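Read the structure below first, then the notes.
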Amino acid sequence: MDNLIPVLVGLPLAGAAVLLLGGRRLDRFGHWLGVLASTASFGVGLVLFFDMLSRSTAQRPAFEHLFTWVPVAGFQAQVGFQLDQLSVVFVLLITGVGSLIHLYSVGYMAHDERRRRFFGYLNLFLAAMLLLVLADNYLLLYVGWEGVGLASYLLIGFWQHKPSAATAAKKAFLVNRVGDIGLSVAIMLMFSTFGTFAFGPVFGAAHTASQGTLTGIGLMLLLAACGKSAQVPLQSWLGDAMEGPTPVSALIHAATMVTAGVYLITRSSAVFNLAPTAQLATVCVGAVTLLFGAIVGCAKDDIKKALAGSTMSQIGYMVMAAGLGPIGYVFAIMHLVTHGFFKAGLFLGAGSVMHGMNDEVDMRRYGGLRKHMPLTFVTFGLGYLAIIGFPGLSGYFSKDKIIEAAFAHGGTEGWILGTAALVGAAVTAFYMTRVMLMTFFGEKRWQPDAEGHEPHPHESPSTMGIPMVVLAVGSVGAGALFAWNSSFVKWLTPVTGHDEGHSPLSSWTVSGITFAVIALGVLVAWTMYGRQPVQATPPVGSLLTRAARRDLLQDDFNHVVLVGGGQHLTRFLVYLDAKGFDGVVNGIAAAVGGTSGRMRKLQNGYVRSYALSMFGGALVLVATTLLMRAV
Amino acid sequence: MNPVNYLYLAALLFTIGATGVLVRRNAIVLFMCVELMLNASNLALVTFSRLHGNLDGQIIAFFTMVVAAAEVVVGLAIIVSVFRTRHSASVDDTNLMKL
């Protein structure tokens, strides 16, 4: 059965190869080929999952060694797969949500003449992402890590005729490179410390390394996670990444790729558990990002960017939970899965709304859509209830557990983190209610566009409807399923370990407080956007609102500090080169040239002057001879 | 008579010749000045021969005369040739070798 593991990666990879190399003759049915490759991979994933389920806990992890990639003495790069309880969760999420989004894209991209290529890229992404979560060593993980970065770049810039999309793709690629440097340095550190980068040996030998090395590896892995998962300070690319087609935002920039950082931290738990400084940095990054993303989400009028801020914030929760150590790993992954359901559902809903509204993204031009798009309204609404953590839906089970784990961290830190998580929950409720009210409630605010076409909101075709319904069901039920009998915790404990911790507040108190702050957030949003009509033009807003509209000035910061600093450095180097090094070389040349110019004057062609120099020379010779004799 | 006086005379003649080479422009005069320098050195050589009491200086003086005769032949030929092409005996007119 284990030899099926490479098939998981191979199917979408083959799909990508066929679609990208097959040419125009595949245009008619190529998209279904993409759906088939992805669904087949999901089927294989299910088979492997049930096979794993039938085995005892100790026997569950499966390994499949494929071949030796780089066999050099002392450096053995293997291509091997590892399917354990953690990987299989990701495999099912990636292929499951991936298949749904493939199906959705059939409808969403129906009018795009480059649809075949789009499905090729989507399949490429699936293959790379599966490689990332199935690798049994860091080097192979790095291959997948770069692969998803490439697929993300290609898909953000899919509509490359739009300059904004092309720029956004480049921005995402470049910011991700900064994080990737972290991962490559971490791998080098591991190799120089342990002599290997395979998971098992590294985790087994982690306790032998010095504290400084472990902290270094941990911080470098955190940097990598920050880049891929859009965490502060490398978060600036995610908002712009919304330039890509909406299914891409749902699959890559909400459900799967951006959670790769959380996977990396959880997978490296053995390293992080031994490096408290790196863990502290991780919780700080998570806590800051969850507030940062939530605040940005509050101010955006673009529905996709509001959801992007939300994604950033929810991943902040996961990173914070992962940084808490064994108390949090399981809940980080649990929130990751439930978030995969409801955020993908929300994005698909947003895509459905855009599809019906002539690709309008400004929520101030929506309003009252619940009558026109009942199915989208219901599925989006369920996703909304799930993300704000309405009791009984999946967000409630995963997010409340993270808040609880934050308090259970203990001490002042625990209180600070718990409070941050609670504030984040309130703000989440606020901005999601805002999105909901502005889109589906109130009066219609849409107007004819420049060519005079008035949008006629309509329900999307069933290829788009079915995935939305399935994801809505997941948003409702997944949490309860995972929480039932603590099945998810028991499932993951053998890989990540689990520790209940000692929360200063009881589980019910936390739930009560969380529900209260959520209700407060919803109420404030209703007062602002439900009770009074939404203005079609955005108000000026407070200083904070204006800053949040500009992504809390992150781009301005990057521009002034990094771009400006870089430009100053380059200018200094150019100056140094022109005046310093070139100056020395040019100076020598000028000195030689000038001297030659003066010497040339001696060659005047007059016999007399030559004769004079000969006499001079003879005189010097004689004088020297006489002097030598005198001495 | 003290033979050193001949050396003074030779130096004087040599200086006159050298000055002539440096300041005159006419090729023929230049040539005569060169001859004057050669003869001054011959005089000095003969004087040294006398002073040292051997014939070395006198032999070299003969060699000098032979070389000077050959040089006059070649040099006058060049001067005539230059005069034919440039219609001038001034050495300043033949300045083609400058940069």
Exercise for the section: Find all pairs meeting these conditions: Cβ atoms under 8 angstrom apart; at least six residues apart or on different chains; first residue within region A:408-427 and closer than 16 Å to A:Phe390 by Cα and open to solvent by less than 60 Å² (accessible area, probe 1.4 Å); second residue aromatic (Phe, Trp, Tyr) and assigned to a helix (DSSP H, G or I). Expected result: A:Ala421/A:Tyr317; A:Gly424/A:Tyr317
Problem - Considering residues of region A:396-407 that are open to solvent by less than 20 Å² (accessible area, probe 1.4 Å) and of a type in the set (D, E, K, R) only, the residue farthest from the chain's Cα centre (by Cα) - result: A:Asp400
Exercise for the section: May I ask you to list pairs of residues, at least six apart or on different chains, whose Cβ atoms are under 7 Å apart, with the first in region A:1-29 being free of Cβ contacts under 8 Å to residues at least 12 places away in the same chain and the second being of a type in the set (A, V, I, L, M) and assigned to a loop (DSSP other than H, G, I, E, B)? Expected result: none
Handout entry: Close pairs from region B:1-15: first farther than 18 Å from B:Leu36 by Cα, partner of a type in the set (Lys, Arg), Cβ under 7 Å, at least 6 apart
Key = B:Pro3/B:Arg50
Exercise for the section: Tally the residues that are away from chain A (no Cβ under 11 Å) and either under 15 Å from B:Val91 (Cβ atoms) or touching a Phe, Trp or Tyr at 6+ places or on another chain (Cβ under 6 Å) (or both), restricting the search to region B:11-37. Expected result: 5
Exercise for the section: Among the residues of region A:1-10, write down those that are part of a helix (DSSP H, G or I) and either over 24 Å from the mean Cα position of the chain (by Cα) or more than 26 Å from A:Gln59 (Cβ to Cβ) (or both). Expected result: A:Asp2, A:Asn3, A:Leu4, A:Ile5, A:Pro6, A:Val7
Problem - Subset of region A:300-345 [of a type in the set (A, V, I, L, M, F, W, C), open to solvent by less than 10 Å² (accessible area, probe 1.4 Å) and touching an Asp or Glu at 6+ places or on another chain (Cβ under 9 Å)] - result: A:Ile303, A:Ala308
Exercise for the section: Tell me, please, whether a residue that is of a type in the set (Gly, Ala, Ser), touching a residue at least 24 places away in the same chain (Cβ under 8 Å), open to solvent by less than 10 Å² (accessible area, probe 1.4 Å) and closer than 26 Å to A:Leu86 by Cα can be found in region A:117-125. Expected result: no
Exercise for the section: Please find, among B:Leu96, B:Leu30, the residue that is outside any helix (DSSP H, G or I), under 21 Å from A:Asn604 (Cβ atoms) and not charged (D, E, K, R). Expected result: B:Leu96
Handout entry: Test: B:Asn54 is away from every other protein chain (no Cβ under 14 Å), in a loop (DSSP other than H, G, I, E, B) and not basic (Lys, Arg)
Key = yes
Exercise for the section: With respect to A:Gly239, determine if the residue is surrounded by 20 or more Cβ atoms within 10 Å (Cβ to Cβ), touching a Cys at 6+ places or on another chain (Cβ under 8 Å) and either of a type in the set (D, E, K, R) or assigned to a helix (DSSP H, G or I) (or both). Expected result: no
Practice task
With respect to A:Arg629, determine if the residue is more than 10 Å from chain B (Cβ to nearest Cβ), basic (Lys, Arg), open to solvent by 80 Å² or more (accessible area, probe 1.4 Å) and over 54 Å from the mean Cα position of the chain (by Cα).
Solution key: yes
Handout entry: Breaking point among (1) within 30 Å of B:Asp93 (Cβ to Cβ); (2) touching a helix residue (DSSP H, G or I) at 6+ places or on another chain (Cβ under 7 Å); (3) open to solvent by 90 Å² or more (accessible area, probe 1.4 Å), for B:Leu55
Key = (1)
Exercise for the section: Scan A:Ala14, A:Ala77 and give me the residue that is open to solvent by less than 10 Å² (accessible area, probe 1.4 Å) and either within 15 Å of A:Leu131 (Cβ to Cβ) or over 26 Å from the mean Cα position of the chain (by Cα) (or both). Expected result: A:Ala77
Handout entry: Residue that is nearest to B:Leu30 (Cα to Cα), among those in region B:70-92 that are open to solvent by 70 Å² or more (accessible area, probe 1.4 Å) and either of a type outside the set (Val, Ile, Thr) or within 14 Å of chain A (Cβ to nearest Cβ) (or both)
Key = B:Leu76
Exercise for the section: Report, by residue number, each residue of region A:270-299 that is open to solvent by 10 Å² or more (accessible area, probe 1.4 Å) and of a type outside the set (A, V, I, L, M). Expected result: A:Asn273, A:Pro276, A:Thr277, A:Gln279, A:Cys284, A:Phe292, A:Cys298
Exercise for the section: Name the helices (runs of 4 or more DSSP H) wholly inside region A:138-222 in which the number of residues that are farther than 22 Å from A:Ser87 by Cβ and open to solvent by 20 Å² or more (accessible area, probe 1.4 Å) is 1 or more. Expected result: A:138-156, A:163-194
Handout entry: Check on A:Phe441, surrounded by fewer than 19 Cβ atoms within 10 Å (Cβ to Cβ) and out of contact with any Asp or Glu (no Cβ under 6 Å at 6 or more places or on another chain)
Key = yes
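Results for (1) without any contact (Cβ under 8 Å) to a residue 40 or more places away in the chain; (2) over 29 Å from A:Ile403 (Cβ atoms); (3) not aliphatic (A, V, I, L, M), shown as yes or no for each residue.
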residue	(1), (2), (3)
A:Thr514	no, no, yes
A:Thr527	yes, no, yes
A:Pro533	no, yes, yes
A:Ser542	yes, no, yes
A:Thr545	no, no, yes
A:Asp551	no, no, yes
A:Gly566	yes, yes, yes
A:Asn604	yes, yes, yes
Exercise for the section: Go through the residues of region A:384-395 one by one and say whether even a single one is out of contact with any Pro (no Cβ under 9 Å at 6 or more places or on another chain), in a helix (DSSP H, G or I) and open to solvent by 30 Å² or more (accessible area, probe 1.4 Å). Expected result: yes
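The values are calculated or read from the model by the stated rules, or taken from the named source; none is laboratory data. Worth saying up front: this structure is predicted, and the values here are computed from it rather than measured. Here the Cβ is made from the backbone with ideal geometry for all residues, glycine too, and neighbour counts use every protein chain on show. For accessibility, only protein heavy atoms count, side chains too; no ligands or nucleic acids. Shrake-Rupley method; radii C 1.70, N 1.55, O 1.52, S 1.80 Å.
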